[in-house]
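Here's the structure we're looking at; comments come further down.
The values are calculated or read from the model by the stated rules, or taken from the named source; none is laboratory data. Because the structure is a prediction, the values reported are computed rather than measured. Every residue, glycine among them, receives a Cβ derived from its backbone with ideal geometry; neighbour counts consider all protein chains shown.
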Amino acid sequence: MMTWWQGTRLVATRGIAETLRSRAFRIVTALLFIAAVAAVTLPHLLGAGTTSSTLATVGAAPSDLVTALDAAGSSAGFSVEYVARDDAAAVQDAVRTGDATVGLAGRTLYTPARQGGSFPVLLSQTLVSLQREQFLADAGLGPEQVARLQAIRPPDQIAVGKVQDEGRAGLGFAVGIALYLALTFAGSAIATTVATEKSSRISEVLLAVLRPSQVLVGTVLAVGTTTLAQIVVAAAPVAAARGVSGGIELPAETAGDLALAVVWFALGFVLYAVAFAAAAALVDKVTDVQSVVMPITLVMVLSYFGGIFIATRTADDVWSVVISMFPLSAPVAMPIRWASGEVPVYQLVIAMLLTAGTAALMVRLGAAFYRRALLITGHRVKLTEVVRRERAA
């Protein structure tokens, strides 16, 4: 006679095999991978190449101006092309027709009426700097003194945001969204699987040789494994981009934040997966699944929007603390708030313990409802009917 774990593993293995053979699973996984690759590569492809500007001047451009602009371009990642025209009218015409980005004739700068960009500003600053150097030299200052004046650094600038690390906060925001989507897809998949097996009477065959808890846990494990595999497939391009030259620069805390994200996914998955499975066991037709799981989905949606609009505020805001520690919303909200770098460790630990305890309670209650509801066929089961049977048992 097989043990409890052997029976659970049998159900999980069967579920994984059927999911992997499913065309829908393959299509969704492929789309996730393509979307991840596009998210990583498109920004680089669209921004690839060196920005180029064209300067039209009367005659050849002054050598000192060319030297200054080329030096600025090599450090800032842009290039400048120089075209010569016979007079100011020809320079102006070159800018008007688009043959030149900017035109310079004596002390007059010609720029496009609509799309000047930043190059005209840079050119103006360079001209002023060169003229200042000439004035200083005419005033009797030597080359070293002029160089020292030009080398004066502006004040250091420090960008101040609502969080310690904007990049890490952005990653936490993305993790929160990814966890919400993963839990939503996994919950829907579990509910559909349970409803399909009940309506097709497959669950009756399984219950003839297995315990209801084995069928429940095995189904949850199967869907959880395949969902986690899809997450890994989607995250692979991002991880690859981190290791290649020119890839995305991720914060140093990325590894720890992603590890916590996996823990939160596990806790949130157990919390909601059992609820989805128990709710789906109430239906007699697969078409009724969405209506019966609507309350659970609504709780997840409210938790998601709470995490987005509340947990992204100041980390010590009272509502941010509440929603990131409340068990039903913590799996989505806490990763977002934690990435701000301003959350005390004790709050993270308390949130995890509360979520784990709620998940354990949900497993116990969900298994009881699942066991009773799965054995009632022929009509859609009301929650009160399951409660009465549970009390009578």
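For the stretch 188-206, does any single residue satisfy the condition of being in a helix (DSSP H, G or I) and at pLDDT below 70? So far as the stretch 188-206 goes, no, none of its residues is in a helix (DSSP H, G or I) and at pLDDT below 70. The residue list Arg85, Arg114 contains one member that is basic (Lys, Arg) and at pLDDT 85 or above, which is Arg85. Beta carbons closer than 8 Å, at least 6 apart along the sequence or on distinct chains, pair a first residue in the stretch 267-280 that is assigned by TED's automatic domain parsing to the domain that holds Tyr180 and more than 15 Å from Pro327 (Cβ to Cβ) with a second that is of a type in the set (Phe, Trp, Tyr) and assigned to a helix (DSSP H, G or I) for Ala277/Tyr370; Ala278/Phe369; Ala278/Tyr370. Scanning the stretch 119-166 for residues that are at pLDDT 75 or above and either in contact with a Ser or Thr (Cβ under 9 Å, 6 or more places away or on another chain) or among the β-branched types (Val, Ile, Thr) (or both) returns Phe119, Pro120, Val121, Leu122, Leu123, Thr126, Val128. Looking across Leu348, Leu298, Leu302, Leu361, one residue alone is in contact with a helix residue (DSSP H, G or I) (Cβ under 7 Å, 6 or more places away or on another chain), modelled with pLDDT of 80 or more and either crowded, with 16+ Cβ neighbours inside 10 Å or assigned by TED's automatic domain parsing to the domain that holds Ala266 (or both). It is Leu348.
Assess whether Leu179 counts as being within 35 Å of the chain's Cα centre (by Cα) and modelled with pLDDT under 80. So Leu179 fits the description; yes. From the list Ala17, Ala30, Ala94, the lone residue that is at pLDDT 85 or above, assigned by TED's automatic domain parsing to the domain that holds Gln131 and not aromatic (Phe, Trp, Tyr) is Ala94. Taken over the stretch 68-103, the criterion of being aliphatic (A, V, I, L, M) and under 46 Å from the mean Cα position of the chain (by Cα) is satisfied by Ala68, Leu69, Ala71, Ala72, Ala76, Val80, Val83, Ala94, Val95, Ala100, Val102.
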